[in-house]
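The values are calculated or read from the model by the stated rules, or taken from the named source; none is laboratory data. What you are looking at is a predicted structure, and each value in this text was computed from that prediction instead of being measured. Cβ sites come from the backbone with ideal geometry, for glycine too, and all protein chains shown count toward neighbours.
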Amino acid sequence: MKHLALIPLLAASVLLGQSQAQQPVSIQFGSNPHDLAVDGSRSRVYVSLPAENRVAVIDSNSWVEVSSIPVAPSPQGLAMSLDSTRLFVAKNGAGAVAVVDLATGTQSDILLTNELDNALTFDVIEARQDELFVSANPSSGGFAYIVKVDLANGNTAQRVASNRIIRCAPTFEVNEARTSLYVGACFSPASMYRLDLTQPTAPIVAEDDHGSIGGTLHFDVNPNGNTLHLRSGQILNADTLDVVGQIGGGIPRFDIDPNRVFVTGPTNTIQTWNTQTQSQIDSVSIPCNFNAFNTPSRFAVLEGETGFIAFQGDRLCGIADVPPCVASVRTICSGTVNSTGSPAVLQPIGEPRIAQNQFFLELTSAPPATYSMLVFGAEPAQLPFGDGWLCISPFGGIQRFGDPMRVGVDGTLMRHLDFTAAPLLNNSVIAYSTWIFQTWYRDGAAMGTGANTSDAIEVTFCP
């Protein structure tokens, strides 16, 4: 459940009084989300939805849901692998962790019921390279242990944390040096433990004075590694876990500045606190709907302090800088000569901007009065196809743009890419996305296979 170093948006922040344009974030789900993980390399945010047995995939440029990863049962804690190639998902009820390969979409399970002593898998984190830590949450209904999985050695698993029973929503955070793993638990009284990651068995080397702290299920580690900040507003010494200070209560999150911590405040606000003086220095409103009686369940600071996002009920809400976008069109694959004596060519007309909705593709130099079909997909290729080339990978998915249409007697055909209607509306053709378009057409006069393809163009769309 590590939320440090979140989403790169490549823009300066107006949240601190600068001039970057902003956009509201509001995504409604069909049920309450549990956790989030971010994938800066792909501009994605993953959101677990336990009641729907899936993980929603959010584009963090346009802030829309673009796809979904089925995970059953009841996906809860999420974590990115340190190399950003995999997503780890705690499968509550299965005693397992799903490992999702983000390049291929394939899944595999790590079964841990025996080691956890419970099937209610709760949180997960790759605290060090190839060292995955997993917890379970039976609360007062059973026992559970913290488990370490060796990803580089056949997913062998062992109980750690001094073999202590830690069973009430055990939640993980790790320090920047990756030498200490912190486990917050909710059992009465609320508890905090520090595990020594430099030892193979990751023993407990410090714990709080039980009964003296609260808010242990939402906490963060100062980037300097010296302190922990709890939802209660309490500040703990990161080595001893003694209370050493107090700020306003709320879910705390750091970016990279150890002197600034952001905290969910009352009535749709995010407060900024100075960690040295323990005083509030700023407050920003966000378009959510929380207050002292209706608090957010998750909170994240976007990298570079370019925005804030939070879970509020069944909604992801917040505010983020609008990242720069360069609309572009380029040819990535050439057509072959057809019966007209020339290759068919796709010509862009207008700008690929979603709001304008005035972008057209004109097919030229095609055989007159023949049928053609426009297709599109996300992955490039160059495969023999008919008398020409297929320039969109069939393994990445090829979509058909409407029904086949007849080319005019002049060898041209105009198609409007309407972003407000299917199929573009249903296939994540959104701002900041890049897609490849190509036309297949009949060409019986060429005395070949009877069909050919145009060149292919790659289009990057902007708001």
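Looking across LEU241, LEU228, one residue alone is at pLDDT 95 or above, of a type in the set (A, V, I, L, M, F, W, C) and outside any strand (DSSP E or B). It is LEU241. Which residues, taken from region 158-206, are in a strand (DSSP E or B) and either farther than 24 Å from MET80 by Cα or not assigned by TED's automatic domain parsing to the domain that holds GLN234 (or both)? Hits for region 158-206 are SER191, ILE204, VAL205, ALA206. Filtering ILE332, ILE286 for residues that are aliphatic (A, V, I, L, M), farther than 26 Å from ASN175 by Cα and not assigned by TED's automatic domain parsing to the domain that holds TYR182 leaves a single hit, ILE332. If you go through region 180-215 and keep only what is β-branched (Val, Ile, Thr) and buried (at least 16 other Cβ atoms within 10 Å of the Cβ), you end up with VAL183, ILE204, VAL205, ILE213. For SER297, are the conditions met, namely being of a type in the set (S, T, N, Q) and under 24 Å from LEU49 (Cβ atoms)? When the stated conditions are applied, SER297 passes them. Return yes or no: is PRO343 buried (at least 18 other Cβ atoms within 10 Å of the Cβ) and at pLDDT 95 or above? Judged against the criteria, PRO343 is a match. Among the residues of region 393-420, those that are buried (at least 16 other Cβ atoms within 10 Å of the Cβ) and assigned to a strand (DSSP E or B) comprise ILE398, GLN399, MET405, LEU413, ARG415. Scan region 3-56 for residues that are surrounded by fewer than 21 Cβ atoms within 10 Å (Cβ to Cβ), part of a loop (DSSP other than H, G, I, E, B), modelled with pLDDT under 95 and not small (Gly, Ala, Ser) and the total you get is 9.
Taking region 58-78 as the range and being part of a strand (DSSP E or B) and either in contact with a Pro (Cβ under 8 Å, 6 or more places away or on another chain) or within 13 Å of GLY40 (Cα to Cα) (or both) as the test, the residues that pass are ILE58, ASP59, PRO75, GLN76. Do the conditions hold for ILE309, that is, is it at pLDDT 95 or above and surrounded by fewer than 17 Cβ atoms within 10 Å (Cβ to Cβ)? Here the answer is no, as ILE309 does not meet what is asked.
Screening SER297 with (1) surrounded by fewer than 18 Cβ atoms within 10 Å (Cβ to Cβ); (2) within 18 Å of LEU36 (Cα to Cα); (3) modelled with pLDDT of 95 or more gives one miss only, at (3).
Within region 136-173, if we keep just the residues that are more than 15 Å from THR201 (Cα to Cα) and in contact with a helix residue (DSSP H, G or I) (Cβ under 8 Å, 6 or more places away or on another chain), the residue that is surrounded by the most Cβ atoms within 10 Å (Cβ to Cβ) turns out to be ALA136.
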